[in-house]
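The values are calculated or read from the model by the stated rules, or taken from the named source; none is laboratory data. Source: prediction; values computed, not measured. Neighbour counts are summed over all protein chains in view; Cβ atoms, including those assigned to glycine, are modelled from backbone coordinates with ideal geometry.
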Amino acid sequence: MRKTAFIIIPLLVTLDQGTKYFADKLISPFKPVELLPFLHLVNLRNEGAAFGMFKSFGNNIFIIISLVAIIVIFLMLIKGKEDPLGLSLILGGATGNLMDRIFRGSVVDFIDVFAGSFHWPAFNVADSALTIGIGLIFMRLFKSKGSRVQGFEGSGDV
């Protein structure tokens with residue numbers, strides 16, 4: 001599975017950067033494209049962290065944090081003690097967003113999901129990969145530790 005991870009990462013980065021390129025070239029920042037009643041394509045820039053938080057920290061701090069995270073995740077993937085699929089999704093997503101920060105100065109977000117006036121913050125392929133990868137890691141963690149959680153050993157005590 002580790003070899004597959006090193007195929008997934010470049011494919012994911014290519015898909016992420018390709019979709020961002022097309023979003024940047026084909027979608028006006030002032031005119032969203034309606035795909036479905038709850039889904040638009042937009043052209044936005046995120047200068048902060050998740051959900052646009054911490055914009056005031058500046059792009060350089062996010063580049064440094066991303067580089068450190070990528071190194072740590074890469075080492076975890078090499079050591080082979082964690083879920084390789086989850087780690088490769090996280091690594092690919094982090095790399096895609098890091099490339100945006102380095103080459104564009106901000107992250108391109110283009111997927112806008114909403115219900116009525118409630119809009120989830122716009123996101124991209126890299127964000128989706130990060131979210132799925134983190135979810136897979138947590139699912140594996142809870143699955144492997146689930147029978148050992150204090151008070152839930154199957155003794156009937158709740």
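A few points about this structure:
- Which numbered condition Phe142 fails, given (1) surrounded by 15 or more Cβ atoms within 10 Å (Cβ to Cβ); (2) more than 24 Å from Ile61 (Cα to Cα): (1)
- Qualifying residue in the stretch 35-49 (condition: under 18 Å from the mean Cα position of the chain (by Cα) and either exposed (fewer than 12 other Cβ atoms within 10 Å of the Cβ) or acidic (Asp, Glu) (or both)): yes
- Residue list for the stretch 14-45, filter: touching a strand residue (DSSP E or B) at 6+ places or on another chain (Cβ under 9 Å) and among the hydroxyl-bearing types (Ser, Thr, Tyr): Thr19, Tyr21, Ser28
- Close Cβ contacts (under 8 Å, 6 or more residues apart or on different chains) running from residues in the stretch 77-89 that are touching a residue at least 24 places away in the same chain (Cβ under 8 Å) to residues that are part of a loop (DSSP other than H, G, I, E, B) comprise Pro84/Met1; Leu85/Met1.
- Matching entry among Phe62, Phe103 (being exposed (fewer than 13 other Cβ atoms within 10 Å of the Cβ), farther than 30 Å from Gly116 by Cβ, under 19 Å from the mean Cα position of the chain (by Cα) and not acidic (Asp, Glu)): Phe103
- Members of the stretch 99-149 found to be small (Gly, Ala, Ser), within 19 Å of Lys81 (Cα to Cα) and at pLDDT 95 or above, listed by number: Gly133, Gly135
- Only one of the numbered conditions (1) closer than 21 Å to Gly135 by Cβ; (2) surrounded by fewer than 20 Cβ atoms within 10 Å (Cβ to Cβ); (3) touching a residue at least 60 places away in the same chain (Cβ under 8 Å); (4) not charged (D, E, K, R) is not met by Ile70, and that is (3).
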